[in-house]
Amino acid sequence: MSTSSTTTGPSAPAGPSAAPPSLAARPRPGEAVIKVFLAGSALASVAITFGIIGALLEPVTHFFGQVSVGEFFGTHGKYAVLPLVGGTLMTTLIALLVAVPVGLGAAMYLSEYASRRSRKVLKPVLELLAGVPSVVYGFFALFFVTPTLLQGFLGINVGFTNALAAGLVLGIMIVPTVASLSEDALSAVPQAMRQGSLALGANRMQTTLRVVLPAALSGVAAAVVLGLSRAVGETMIVALAAGARKNLSFDPRDPMQTMTGFMAQTAQGENPVGSVDYNMLFAVGLLLFVITLVINIISITLVRRFRQAY
Amino acid sequence: MSSLIDQPADRSADRPAARAARETVQLTAGRSRDRTPTALLFLTGLWASLAIAVVVLVALILDTAITGAPRFDADLLTRYDSTLTPERTGFRAGILGTVWLMISTALLAVPLGIAAAVYLEEFADSERWYNRLVEVNLQNLAAVPSIVYGLLAVGVMSILGFERKGIVLGGAIALALLILPVIIITTREAVRAVPEEIRFGSLALGATVWQTTWRQVLPSAIPGIATGTILGLSRAIGEAAPLLMLGIPLAVRFDPDGVLSEMTALPMQIFFMTSQSQVTYQHAAAAAIVVLLVLVLALNGLAIFIRNKFQKSW
């Protein structure tokens with residue numbers, strides 16, 4: 001700033017380096033091209049979203065030309081979607097009943113109790129759980145959880161495919177999502193709040209449950225909501241272990257078909273492009289996209305609120 | 001300024017006398033209160049949560065390995081799928097298809113993802129509405145169900161004019177779209193972790209923003225970018241849902257020889273054999289799962305290793 005005030009005097013043309021304009025970069029057309037390319041790559045992500053909507057909308061308009069909206073959002077019939085939504089709700093609910101306590105417990109341990117060394121070992125183990133392919137979880141649900149754990153060890157009368165096994169394994173699958181995001185939220189709570197609590201004579205359990213957890217609540221809620229969105233959209237576990245029968249039942253021991261399970265089954269069949277069954281694939285896909293979009297927006301809003309707190 | 005004042009205070013806290021005093025305080029006040037029955041019960045609950053995660057992982061690996069044990073033979077890797085002799089069925093086509101898919105997915109997703117991340121971190125003005133739109137959109141894309149990406153790839157393939165279903169290119173497009181957000185988000189974090197001083201130093205010497213990015217920031221961020229790319233690819237390896245939408249066949253009896261070649265993938269073959277009722281297919285599926293798990297866990301382990309080994313703290 002001070003140099004600009006000195007150059008206003010008559011001494012400006014005197015010195016050899018008296019050419020402030022030359023400090024401006026030489027025009028570099030190559031770099032302009034690079035910048036356009038980089039910006040184009042970033043915009044590609046927006047193009048993908050519009051691509052998804054476009055790719056789904058065209059077959060969906062055909063579908064609603066062939067099947068009425070009332071029939072699609074009905075409970076009975078070949079093209080009814082509500083039994084699929086019910087199946088999705090059931091498996092997701094069971095998954096959350098597993099993932100929220102387990103994931104939150106793991107997060108609280110890692111953030112409040114674990115030493116640096118044990119955290120260094122335990123966190124990668126959780127991340128490995130997230131790396132297991134979902135088709136492997138599907139196999140595990142079908143050939144271990146149902147026959148060995150549910151029918152054998154717990155003695156529950158369930159069929160070969162059932163919503164319970166699928167939901168339990170779905171829950172295990174989303175534990176890492178819930179745990180790692182919750183841990184971030186819990187760790188972000190300022191140390192001074194913990195020290196204040198401990199100074200008042202609270203022990204670590206009271207500090208964790210009454211000070212740290214409430215302070216991180218919106219971040220923890222965002223983690224749960226993101227886990228929920230994962231569970232709604234997961235395909236392979238439910239396609240293998242939940243069953244292939246549309247069933248608007250509230251008994252988790254029954255086989256049920258979810259939205260993603262239906263899509264997987266329909267895609268395997270030989271439906272010609274443009275047929276009603278083929279177009280219904282896209283109608284269910286669009287519904288799934290809209291549901292997860294709404295859930296994600298809730299999660300993003302919650303994360304923003306939790307970031308602003310400190 | 002406050003950090004400068006804090007530092008000597010922190011160091012004094014580590015002097016033996018201060019440490020002893022702190023430990024005494026913990027012993028007399030904190031720790032004993034941690035041993036009440038409720039507190040111990042709570043801690044047990046937390047331990048149990050972690051134990052469940054570890055036990056499931058161990059049970060999954062052991063159960064699959066035991067089920068697949070009769071099929072750990074050379075046929076598993078070298079033979080094609082066989083319905084006539086299911087006890088000798090193999091996953092050659094799926095393994096080679098997965099390799100082809102991975103290479104083409106990486107070629108599509110990695111340059112695009114890194115470019116987008118570099119733009120957002122180094123060039124974009126995050127106050128502008130269109131850049132904010134890109135950010136929110138990326139967060140959303142990261143949580144779009146994978147099966148929806150399969151539908152999108154079906155649309156892209158029909159726009160590109162490919163009539164034939166089940167080819168490598170279609171699968172690669174779906175998987176690349178799927179892992180693009182992962183690569184962008186992790187690359188951004190790696191780039192953001194490079195300290196501003198490195199950029200300022202380079203800019204002060206007269207380098208342009210692009211020269212600074214290419215010669216200073218990107219080389220410093222390579223471990224983080226590599227971690228993100230490997231994690232993205234290891235996610236893509238195990239995905240079967242989008243491939244199912246693309247009509248990738250469940251059984252193929254030839255090696256893929258290009259991006260327009262028809263192919264199958266390891267997770268698809270596992271899915272197919274898991275849904276069969278014959279026990280021999282279950283054994284084959286379990287053995288193939290062990291192969292897939294070795295691949296995926298090796299990639300994950302590599303990513304974790306790179307992150308721990310090369311993580312810089314400036």
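The values are calculated or read from the model by the stated rules, or taken from the named source; none is laboratory data. This one's a predicted model, so the numbers in the text were calculated from it and none came from an experiment. Neighbour counts are summed over all protein chains in view; Cβ atoms, including those assigned to glycine, are modelled from backbone coordinates with ideal geometry. These area figures cover heavy atoms from the full protein model, side chains too; ligands, DNA and RNA do not enter into them. Shrake-Rupley method; radii C 1.70, N 1.55, O 1.52, S 1.80 Å.
Here are the numbers for this structure:
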{"quantity": "Any chance B:Pro145 is of a type outside the set (Val, Ile, Thr) and within 13 Å of chain A (Cβ to nearest Cβ)", "calculated": "yes"}
{"quantity": "Check on B:Gly228, open to solvent by less than 20 Å² (accessible area, probe 1.4 Å), in contact with a helix residue (DSSP H, G or I) (Cβ under 6 Å, 6 or more places away or on another chain) and within 11 Å of chain A (Cβ to nearest Cβ)", "calculated": "no"}
{"quantity": "Condition met for B:Arg253 (in a helix (DSSP H, G or I) and among the basic types (Lys, Arg))", "calculated": "no"}
{"quantity": "The one condition in (1) assigned to a helix (DSSP H, G or I); (2) in contact (Cβ under 8 Å) with a residue 40 or more places away in the chain that B:Lys165 fails to fulfil", "calculated": "(1)"}
{"quantity": "Selected residue (criterion: farthest from the other protein chains (Cβ to nearest Cβ)) from residues of region B:288-300 that are surrounded by 16 or more Cβ atoms within 10 Å (Cβ to Cβ) and under 14 Å from B:Ile230 (Cα atoms)", "calculated": "B:Leu295"}
{"quantity": "Per-region count, region B:194-219, residues open to solvent by less than 60 Å² (accessible area, probe 1.4 Å) and aliphatic (A, V, I, L, M)", "calculated": "5"}
{"quantity": "Within region A:58-68, tally of residues that are open to solvent by less than 80 Å² (accessible area, probe 1.4 Å) and part of a helix (DSSP H, G or I)", "calculated": "5"}
{"quantity": "Candidates A:Ser187, A:Ser218, filtered to the one that is out of contact with any Ser or Thr (no Cβ under 6 Å at 6 or more places or on another chain), open to solvent by 10 Å² or more (accessible area, probe 1.4 Å) and away from chain B (no Cβ under 14 Å)", "calculated": "A:Ser218"}
{"quantity": "When residues of region A:1-28 are limited to those that are open to solvent by less than 100 Å² (accessible area, probe 1.4 Å) and part of a helix (DSSP H, G or I), the one modelled with the highest pLDDT", "calculated": "A:Ser22"}
{"quantity": "Failed item in (1) more than 10 Å from chain B (Cβ to nearest Cβ); (2) over 19 Å from B:Ala59 (Cβ atoms), with A:Thr49 passing the rest", "calculated": "(1)"}
{"quantity": "Helices (runs of 4 or more DSSP H) fully within region B:31-125 counting 3 or more residues that are farther than 30 Å from B:Pro195 by Cα and within 9 Å of chain A (Cβ to nearest Cβ)", "calculated": "B:37-68"}
{"quantity": "Residue that is farthest from A:Val232 (Cα to Cα), among those in region A:80-99 that are open to solvent by 40 Å² or more (accessible area, probe 1.4 Å) and either modelled with pLDDT of 90 or more or not in a helix (DSSP H, G or I) (or both)", "calculated": "A:Leu97"}
{"quantity": "Residue match in region A:42-56 (condition: within 30 Å of A:Leu82 (Cβ to Cβ), at pLDDT 85 or above and surrounded by fewer than 12 Cβ atoms within 10 Å (Cβ to Cβ))", "calculated": "yes"}
